[in-house]
Amino acid sequence: MDGARMKLYWSPWTHSLGPQILAYEAGTHITVIQVDPDTGNAEDGRVLEDIDPFGVLPLLEVVEGATLREPGAILQAMIALAPSEFYTPPSDTIDAFRLAQWLEFGAGRLASAIQEAADHTHNRSDAMHTSLARCVGWMDVQLGMRPYLMSGGYSVADIHVWAHLYRGLSVDASGDGHRSVRFGHHSNVQRWYDALGGRPAFQAVLAGESRISQAVVRLAAAR
């Protein structure tokens, strides 16, 4: 797969964090293009709905006319471009199926649990309700046996699940900023979450999103 032909379209406040982080980790192989969420106009002069009829973000154009929409699918398509330090299990192995399971876990069970917690409290960082506590508890057991979610090492599963936790739990009650995420007695999850958040790719993407988000807020306030 030719990364030089790939284009990743993204916007703040969407589930674009994971693909952006992987694009950064992969270096300059992928073109990352910001989209105005109000107009759908992209920085490259194109209109989002002309690229894909659903008009949702993130969106990966693999080659012209061929697109992928869901973050998990986008990450899998980008795996081949990841640096050698990434663990990429061979297809048709139990680890390949476990990687798929982690991607489903992040977008499905974990995302639903975070939403359930948000429905019960405005203080989402402390909202360890039953479903979310079960998810984090299971992760804590897995991370007690190894430093990353996959036994083979750092993988797109870590990026994907981390992005869901960050997006779902770090936004403060006002929605205007971010707060640190604490996992209570789940020390293995805390160690993993903090270590990933300190990686250069994570820091760079979060800093970029923060600058753009603040500019959008200032623009909206000035209208």
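The values are calculated or read from the model by the stated rules, or taken from the named source; none is laboratory data. Everything numeric here is computed off the predicted structure, so don't read it as measured data. Every residue, glycine as well, gets a Cβ built from its backbone with ideal geometry; the counts of neighbours run over all protein chains shown.
Values as computed for the structure displayed
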item: Any pair with Cβ under 8 angstrom, 6 or more apart, that starts in the stretch 49-75 at a residue that is more than 23 Å from R167 (Cα to Cα) and in the same structural domain as D36 (by TED's automatic domain parsing) and ends at one that is modelled with pLDDT of 85 or more and of a type in the set (K, R); result: D52/R69; E61/K7
item: Candidates A100, A107, A80, filtered to the one that is loosely packed, with under 14 Cβ neighbours inside 10 Å, touching a helix residue (DSSP H, G or I) at 6+ places or on another chain (Cβ under 9 Å) and on the phi < 0 side of the Ramachandran plot; result: A80
item: Those residues of the stretch 44-89 which are acidic (D, E) and in a helix (DSSP H, G or I), in sequence order; result: E49, D50
item: Residues located in the stretch 26-43, provided they are touching a residue at least 40 places away in the same chain (Cβ under 8 Å) and either part of a strand (DSSP E or B) or not assigned by TED's automatic domain parsing to the domain that holds Y9 (or both); result: Q34
